[in-house]
Amino acid sequence: MSNSRRDMLTAAGAAFTTSLFTGSVKGANDRVAVGFIGLGAMGSGNLGYSMKVPGLVPAAICDVYQPHLERAEAAARRGGFQPKSVKDFRDILADKSIDAVCISTPDHWHAYMTVEACKGGKDVYVEKPACVYIEEGQKMVQAARKYGRIVQAGTMQRSGGYFQKAAELVKNGAAGEITFCHAFQSGLTKKTGWGNPPDSAPPAELDWNMWLGPAPEVPFNANRWGVNTASFPTFRYFWDYAGGAMTDWGVHLIDPLHQCFNEAMPVTIDAMGGKFYVQDNTDTPDTMLATFLYPKFLASYESRTCNPIPMFGMNQGAGTMIHGTDATIFVNRSMCRLIPNDRAKGATVWEDDTGMQQMNVPHWKNWLECIKSRQKPMSEIETCVRSSAVCILANVAMRSKVRLDWDENDWTVAQDAAKPMLKAKYRAPWKLEV
């Protein structure tokens with residue numbers, strides 16, 4: 001491997017000690033024109049958050065589904081903006097008047113669009129998970145470094161007060177010495193899941209071939225597309241486009257550990273799971289347990305969609321727990337709680353604080369500030385690539401039935417049987433090239 005790659009993806013934390021960016025953005029003291037690519041559930045939310053940030057202008061919007069474009073046009077008008085509308089994201093990347101892009105497409109597009117945007121001289125806000133394959137994440141980081149771009153990932157919890165408090169508590173030693181962490185989510189889905197719709201012709205207002213992009217060519221299926229008013233998009237439950245709950249929820253639940261422990265990667269990953277209950281046509285598990293051996297602690301991730309009972313009496317359906325010799329720290333989007341091992345001392349709780357709950361708009365403000373200053377943003381792309389990679393590796397371990405040993409220097413695993421699953425598989429003519 002080249003020295004430049006080793007420098008980019010080196011041991012945990014080394015890349016985060018100094019600013020990696022130089023130069024200035026055109027019009028750094030003026031408004032920043034942003035193109036929005038993908039305007040489904042996440043894209044619509046991001047458009048809304050952006051319009052609350054002074055100095056950021058939604059200049060263009062793009063989606064392969066006409067109703068999404070029309071909905072975004074209406075939202076922008078209500079916010080006092082009139083962005084141009086296009087259906088091909090390449091029109092936005094080629095537009096020299098646009099300074100930056102927001103990528104809120106299905107996961108299988110994240111890496112390609114991010115790399116191409118960096119090559120085109122645009123800064124990027126890209127949703128999580130960063131990628132579907134380990135190789136994609138590596139190339140996203142390489143592109144950000146090579147072209148000097150500010151790439152903020154959508155792990156917006158890092159800008160939230162509760163998660164910053166948890167990191168502060170860990171780093172100040174409030175929990176004592178830490179040997180075990182636990183992340184979990186729980187819920188109760190229907191046995192019929194998302195159903196079993198037959199393959200069919202795509203809606204007339206959807207460009208299905210462009211939606212698929214680098215993913216395998218398959219007939220349209222309502223669940224593979226997953227856009228309807230009754231659910232969050234279900235594309236995330238097909239291996240061709242995403243990684244199920246592990247990369248959807250799991251990134252948000254594992255990322256706080258990386259924020260607390262200076263971006264360390266696990267050295268060993270193992271996982272098991274399956275569809276034990278749900279009977280629909282999706283691919284990914286309804287139940288999963290993953291284990292991660294980090295350099296200084298053990299962590300587990302538990303996904304239960306067939307049982308809603310929360311963990312440890314927290315009365316919360318998802319969260320991250322950090323267990324130490326002096327106390328346990330629990331954190332999610334509703335609270336941060338420090339629970340001493342000596343229960344007589346009582347817990348210290350931060351919750352129901354509006355300022356600490358805010359995440360999305362501060363995250364967007366941080367990105368804009370860093371576009372102008374050329375400093376590292378709160379969720380700089382390598383942080384999200386690392387958190388995404390941990391979740392992707394858990395899926396690889398489960399699907400290959402191989403316990404994986406992570407090779408930090410070469411950004412791969414030691415087990416040859418699993419290595420093909422780390423490589424991006426793109427349908428022609430799409431090529432991921434930095």
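The values are calculated or read from the model by the stated rules, or taken from the named source; none is laboratory data. Model, not experiment: these values are computed from the prediction. With ideal geometry, Cβ positions are generated from the backbone for all residues, glycine too; neighbour counts draw on all protein chains shown. Side chains are part of the model used for accessible areas, which takes the heavy atoms of the whole protein and leaves out ligands, DNA and RNA. Shrake-Rupley method; radii C 1.70, N 1.55, O 1.52, S 1.80 Å.
The condition of being small (Gly, Ala, Ser), closer than 13 Å to Gly38 by Cβ and open to solvent by 10 Å² or more (accessible area, probe 1.4 Å) holds for only one of Ser97, Ser104, that being Ser104. Looking at segment 380-409, which of the residues that are of a type in the set (D, E, K, R) and modelled with pLDDT of 95 or more is most open to solvent (accessible area, probe 1.4 Å)? My answer is Lys401. Return yes when Ile339 is part of a helix (DSSP H, G or I) and either open to solvent by 30 Å² or more (accessible area, probe 1.4 Å) or over 19 Å from Trp249 (Cβ atoms) (or both) and no when it is not. Taking the combined requirement at face value, the residue does not satisfy it. Annotation for segment 300-309: at least one member residue is among the basic types (Lys, Arg) and part of a strand (DSSP E or B).
Here the condition is being touching a strand residue (DSSP E or B) at 6+ places or on another chain (Cβ under 8 Å), touching a residue at least 60 places away in the same chain (Cβ under 8 Å), closer than 30 Å to Asp342 by Cα and not in a helix (DSSP H, G or I); of Phe163, Phe184, it holds for Phe184 alone. Which one of Val86, Val53 is touching a Lys or Arg at 6+ places or on another chain (Cβ under 8 Å), surrounded by fewer than 23 Cβ atoms within 10 Å (Cβ to Cβ) and at pLDDT 95 or above? Just one listed residue meets the conditions, Val53.
Looking only at segment 270-322, how many residues end up being within 27 Å of Asn196 (Cα to Cα), modelled with pLDDT under 95 and touching a Phe, Trp or Tyr at 6+ places or on another chain (Cβ under 7 Å)? Result for segment 270-322: 1. Pairs linking a residue in segment 320-342 that is under 16 Å from Gln259 (Cβ atoms) to a residue that is open to solvent by 30 Å² or more (accessible area, probe 1.4 Å) and among the small types (Gly, Ala, Ser), with Cβ atoms under 6 Å and 6 or more positions apart or on different chains, do not occur. Reported count of residues in segment 147-160, each being assigned to a loop (DSSP other than H, G, I, E, B), open to solvent by less than 10 Å² (accessible area, probe 1.4 Å) and within 17 Å of Leu93 (Cα to Cα), is 1. Contact annotation: residue pairs with Cβ atoms under 6 Å, 6 or more positions apart or on different chains, pairing a residue in segment 276-299 that is over 14 Å from Lys191 (Cα atoms) and among the charged types (D, E, K, R) with a partner that is modelled with pLDDT of 95 or more and open to solvent by less than 60 Å² (accessible area, probe 1.4 Å), are Asp283/Phe238; Asp283/Trp239. Annotation: of all residues in segment 291-304 being under 18 Å from His252 (Cα atoms) and either basic (Lys, Arg) or under 20 Å from the mean Cα position of the chain (by Cα) (or both), the one that is most open to solvent (accessible area, probe 1.4 Å) is Thr291.
Do we find that Asn315 is part of a loop (DSSP other than H, G, I, E, B), in contact with a helix residue (DSSP H, G or I) (Cβ under 7 Å, 6 or more places away or on another chain) and open to solvent by 20 Å² or more (accessible area, probe 1.4 Å) in this structure? Against the criterion (part of a loop (DSSP other than H, G, I, E, B), in contact with a helix residue (DSSP H, G or I) (Cβ under 7 Å, 6 or more places away or on another chain) and open to solvent by 20 Å² or more (accessible area, probe 1.4 Å)), Asn315 does not qualify.
Scanning segment 70-83 for residues that are open to solvent by less than 30 Å² (accessible area, probe 1.4 Å) and either basic (Lys, Arg) or under 23 Å from the mean Cα position of the chain (by Cα) (or both) returns a single hit, Ala72.
Yes/no per residue for (1) free of Cβ contacts under 8 Å to residues at least 12 places away in the same chain; (2) buried (at least 22 other Cβ atoms within 10 Å of the Cβ); (3) within 30 Å of Ala174 (Cα to Cα):
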site	(1), (2), (3)
Ala201	no, no, no
Leu206	no, no, no
Gly213	no, no, no
Glu217	no, no, no
Ala222	no, no, no
Asn228	yes, no, no
Pro233	no, no, no
Leu253	no, yes, yes
Asn262	no, no, yes
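Just to check your reading of the model, which residue among Ala144, Ala174 is open to solvent by 20 Å² or more (accessible area, probe 1.4 Å) and within 25 Å of Pro362 (Cβ to Cβ)? Exactly one of Ala144, Ala174 is open to solvent by 20 Å² or more (accessible area, probe 1.4 Å) and within 25 Å of Pro362 (Cβ to Cβ), namely Ala174.
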